[in-house]
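Below is one structure, written out as structure tokens, with a few remarks after it.
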Amino acid sequence: MIEEVPWRLPVANAMTLGEGKTLEISQAGGGVYVHALRVNGMAHASSWIELSLLSRPQNRIRFELPNQPGREWATKQADLPPSFDVEKP
């Protein structure tokens, strides 16, 4: 039997991106379901992040992680990563 281990973010985690840039990853809530994401303080609807959004000297990503699943965040066609877009050549 394989035991499911929930993925969790640390309360706060910082890393260096290079060229003097940093990235801080944090979470609100102790759940495992992503309900919202903020990148540098701005709401982010998609489940992926363009690297260009992390071009500031100090960058922040904040996840909202409640205990209940949601059905709104990153569910629209436009929110899917480009690699899943079968409509475009």
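A few comments on the model shown:
- Selection status of ASN59, at pLDDT below 85 and touching a strand residue (DSSP E or B) at 6+ places or on another chain (Cβ under 6 Å): no
- Criterion (among the hydroxyl-bearing types (Ser, Thr, Tyr) and modelled with pLDDT of 90 or more) met by exactly one of SER46, SER83: SER46
The values are calculated or read from the model by the stated rules, or taken from the named source; none is laboratory data. What you see is a predicted model, and the numbers here were worked out from it, not measured in a lab. Cβ sites come from the backbone with ideal geometry, for glycine too, and all protein chains shown count toward neighbours.
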